[in-house]
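Everything on this sheet refers to the single structure shown next.
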Amino acid sequence: MTRIFSGVQPTGNLHLGNYLGAIRNWVRLQRDHESIFCVVDMHAVTVWQDPVELSKSTREVTAAFIAAGIDPETCVIFNQSAVPGHAQLAWVFNCVARMGWLNRMTQFKEKAGKHKENASVGLFAYPALMAADILLYKATHVPVGEDQKQHLELTRDVAQKFNNDYGREVFPITEPLILGEATRVMSLRDGTKKMSKSDTSDFSRINLTDDADLIAQKIRKAKTDPEPLPNDVAGLEDRPEAANLVGIYAALADKNREEVLAEAGGWAFSQFKQALTELAVETLGPMNAEMARLLEHPDEIDAILRRGAERAQAIAGPVLDEVYDTVGFLRV
Ligand code: TRP
């Protein structure tokens, strides 16, 4: 049996990079795997979050999951803080993971920057909480992007050390699920930078909440170079903006880049951008509309999260009992 677990932080807008790089793949995975998708609000607060914005973002991410086609009947969709086992198991893992392991985490170094002394303890312990997310459900596979591979490696180390220390095979050694040619969506303003919710320019990204007009505007203003599109993929080298737009087109059309360039090679960007806009509006439009509908009905979203949390709890409860017994925590 396989069980997958993945999480998204409810911080700021979800954008095309989140959709093409992660959420869209999950929609496909749910057919073949028992799937648990979590809105990781506890990870979000490792850096300051405005409380009103956090609640809003949690509903937005949930709405995006559903609008993208994740079925809340077959999958478990919930927010992390609603299942107390995440925090409880994370504490045990704080005591399993070593300072040295966490000190090596590149994401912590990036996020803490020069002011390490001022970073929250939670930001440092973040990977132990992520290990708890995954292992609380004994997930066998985690779909991850490049940036989370090191954290998954740590999850495997935690599972191994726990099993070893206590002499019991409690946890599986979770495998990463790498999905074909990952779509790395780059900024529309700079083809060498990842599309990111923290970019100060909103024109650098297409948000899943952007309507057709805004999508069109952003694509029209996207940075390009003066040459027409090349006829093959080799011609995209050293042309990061062209490569990005072709990559986005290919992902949205479910084609590879060769196929796209076989058709669009030699086109001026103005023509290609027109085609890309039509495609983007056609594929993202229905999702955008369903998201907007759901966000007008927060009760519907909350009911899905509530039901998801109950189902998550039903899986997590026995695992946590097993951990408590293994560790010797008296349950009276
Ligand atoms: N750390 C992940 C991110 O920033 C989010 C996350 C939290 C996660 N827990 C997880 C991803 C468990 C996969 C599995 O994107």
Next item on the list: Over all alpha-carbon pairs of region 282-322, lay out the pair-distance distribution in 10 Å bins, whole %, shortest bin first.
Entry: 26, 29, 25, 16, 4
Next item on the list: With springs only between Cα atoms under 10 Å apart, run a GNM on the chain and tell me which of His141, His115, His33 wobbles the most.
Entry: His115
Checklist line | Acute angle (nearest 10 degrees) that the helix 212-221 long axis makes with the longest principal axis of the chain, alpha-carbon atoms | finding: 70 degrees
Check: What are the semi-axes of the equivalent ellipsoid for the chain, taken as the square roots of 5 times the Cα gyration tensor eigenvalues, largest first, in whole Å?
Finding: 38, 22, 19
Notebook entry, point to check: What does the convex hull of the alpha-carbon atoms of region 70-131 project to on average, in nm²?
Noted result: 5.6 nm²
Check: Taking 0.36 nm per intervening residue step and subtracting the Cα-Cα distance, what contour gain separates Met99 from Thr192 on full extension?
Finding: 30.1 nm
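Per residue and in cubic angstrom, what volume does the convex hull of the Cα atoms of region 231-283 have? Before the final figure, lay out each step's value.
Numbers: hull volume 3.5 nm³, N = 53.
Cα-based convex hull of region 231-283, divided per residue, equals 65 Å³.
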Notebook entry, point to check: Applying the Karplus parametrisation 6.51 cos²θ - 1.76 cosθ + 1.60 with θ = phi - 60° to the phi angles of region 242-254, what ³J(HN,Hα) value in whole Hz is obtained for each residue in order, glycine and proline being reported as x?
Noted result: 5, 4, 5, 5, 5, x, 5, 4, 4, 5, 5, 8, 6
Margin query: Testing the spin-label approximation: label points 7 Å from Cα along Cα→Cβ at Asn231 and Val332. State their distance in nm.
Written below: 8.2 nm
Next item on the list: Please express the shape of region 110-267 as an equivalent ellipsoid: the semi-axes are the square roots of 5 times the eigenvalues of the C-alpha gyration tensor, given largest first in whole angstrom.
Entry: 39, 21, 14
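Leaving out ligands, DNA and RNA, and with a 1.4 Å probe, what % of the accessible surface on the chain is carbon or sulfur? Can you show the working numbers first?
Details: 8100 of 15980 Å².
Looking at the chain in its full context, I get 51 percent from C and S.
Out of all DSSP beta bridges in the chain, what portion is antiparallel? Express it as a percent rounded to 5. Walk me through the numbers before you get to the answer.
Working: 2 of 16 bridges.
Percentage antiparallel, nearest 5: 10.
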Next item on the list: Could you work out which residue, out of Asn94, Asn18, Asn256, moves most in a Gaussian network model of the chain, that is, has the largest mean-square fluctuation with Cα springs under 10 Å?
Entry: Asn256
Check: Using modelled backbone amide H atoms (1.01 Å from N, in-plane), which distant-in-sequence or interchain residues come within less than 5 Å of Thr2's amide H?
Finding: Glu34
Notebook entry, point to check: Distance from the Cα centre of region 212-253 to that of region 293-332, in angstrom?
Noted result: 43 Å
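Using just the Cα positions, wrap region 50-183 in a convex hull and report its mean projected area in square nanometres, one decimal place.
Details: hull surface 40.2 nm².
About 10.0 nm², averaged over all directions.
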Item checked: Among Trp91, Trp267, Trp48: highest mean-square fluctuation, GNM of the chain, C-alpha pairs under 10 Å -> Trp48
Check: To the nearest 0.05, what FRET efficiency results for Trp267 and Asp238 with a Förster distance of 30 Å applied to their C-beta separation?
Finding: 0.95
Notebook entry, point to check: What does the accessible area per residue of region 210-293 come to in Å², with a 1.4 Å probe and no ligands, DNA or RNA counted?
Noted result: 50 Å²
Note to self: Based on DSSP loop calls and a cut-off of at most 14 other Cβ atoms within 10 Å, the longest stretch of the chain free of exposed trypsin sites (Lys or Arg not before Pro) is what?
What the structure shows: 256-330
Checklist line | Directionally averaged shadow of region 248-332, computed from the convex hull of its alpha-carbon atoms, nm² | finding: 10.6 nm²
Next item on the list: Using R₀ = 51 Å, calculate the FRET efficiency as 1/(1 + (r/R₀)^6) where r is the Cβ-Cβ separation of Lys114 and Asp165; round to 0.05.
Entry: 0.90
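The values are calculated or read from the model by the stated rules, or taken from the named source; none is laboratory data. Note that the structure is a prediction, hence the values are computed from the model and not measured. So basically every Cβ, Gly included, is an ideal-geometry build from the backbone, and we count neighbours across all protein chains shown. Note: areas computed on protein heavy atoms with side chains; ligands, DNA, RNA excluded. Shrake-Rupley method; radii C 1.70, N 1.55, O 1.52, S 1.80 Å.
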